[in-house]
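Notes follow once the structure below has been shown.
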Amino acid sequence: MKKIRKIKKAQNEIVGFVIIVVIVVIIGLFFLAFYLRREPVRTENENAQNFLKASMKYTTTCNPDITPINLKELTKRCYDKKNCKQEDSCKLLNLTFSKILDSAWDLGPDRPTNYYQLNIYYREGEEKESKIEPILSIEKGNCTGSRNGAEEFFPYKDGNIFTTMEICYD
């Protein structure tokens, strides 16, 4: 009788162990599926990062007072819907960034870079569910290779203004 109880107890322990292993495997498969479905991680591009940093210091033709302002200040004016005297600050931001992008990133089939996308947006707060307001989006070319990019931000009001750039290389 004692032998049968020991065998049943051992069988119960083995069944419990198997159930735990099955649960761990199912959880592992869930995490693996979740990991494989997520967006691929973009690698940081040093050239794009340097471009974003330098471009924000570029002096524009917008001079609300006496002196012209840089792209960082023009981005703030565009977000606040303030004009540069008689000129729309958002149109000027688009025109200025387009010119800079065209001169800095020579696109084409015989060039190493064949696509870029620049986005500027305001995000209030730190949470993922926070309010996001687009400010500017410029896209040019056709991506046929690998993508990578960079991101810059600066604090403004109760949030941050983000500038992201994605580049596609052959």
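Here's the yes/no breakdown for (1) hydroxyl-bearing (Ser, Thr, Tyr); (2) at pLDDT 80 or above; (3) assigned by TED's automatic domain parsing to the domain that holds Thr96:
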{"position": "Ile4", "(1), (2), (3)": "no, no, no"}
{"position": "Ile14", "(1), (2), (3)": "no, yes, no"}
{"position": "Ile26", "(1), (2), (3)": "no, yes, no"}
{"position": "Gln49", "(1), (2), (3)": "no, yes, yes"}
{"position": "Lys53", "(1), (2), (3)": "no, yes, yes"}
{"position": "Thr59", "(1), (2), (3)": "yes, yes, yes"}
{"position": "Thr67", "(1), (2), (3)": "yes, yes, yes"}
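Yes or no: Asn83 closer than 15 Å to Glu152 by Cβ and not hydroxyl-bearing (Ser, Thr, Tyr)? The answer is no for Asn83. Applying a threshold of 9 Å to beta carbon distances and a minimum spacing of six or more residues, or different chains, the list of pairs starting in region 142-154 at a residue that is assigned by TED's automatic domain parsing to the domain that holds Pro109 and ending at one that is of a type in the set (S, T, N, Q) and part of a loop (DSSP other than H, G, I, E, B) reads Asn148/Asn45; Gly149/Asn45; Ala150/Asn45.
Would region 81-89 turn up any residue that is in a helix (DSSP H, G or I) and touching a Lys or Arg at 6+ places or on another chain (Cβ under 8 Å)? Yes, because at least one residue in region 81-89 is in a helix (DSSP H, G or I) and touching a Lys or Arg at 6+ places or on another chain (Cβ under 8 Å).
Being more than 21 Å from Ser55 (Cβ to Cβ), among the basic types (Lys, Arg) and touching a strand residue (DSSP E or B) at 6+ places or on another chain (Cβ under 8 Å) is the requirement here; does Lys131 meet it? Taking the combined requirement at face value, the residue satisfies it. In a residue-by-residue description of region 73-89, the property of being free of Cβ contacts under 8 Å to residues at least 40 places away in the same chain, surrounded by 17 or more Cβ atoms within 10 Å (Cβ to Cβ), in contact with an Asp or Glu (Cβ under 8 Å, 6 or more places away or on another chain) and farther than 21 Å from Glu139 by Cα applies to no position. Listed here are the strands (runs of 3 or more DSSP E) enclosed by region 104-169 that have at least 2 residues being in contact with a Lys or Arg (Cβ under 7 Å, 6 or more places away or on another chain) and either within 25 Å of Lys81 (Cβ to Cβ) or modelled with pLDDT of 90 or more (or both): 113-124, 146-156, 159-169.
The values are calculated or read from the model by the stated rules, or taken from the named source; none is laboratory data. Note that the structure is a prediction, hence the values are computed from the model and not measured. With ideal geometry, Cβ positions are generated from the backbone for all residues, glycine too; neighbour counts draw on all protein chains shown.
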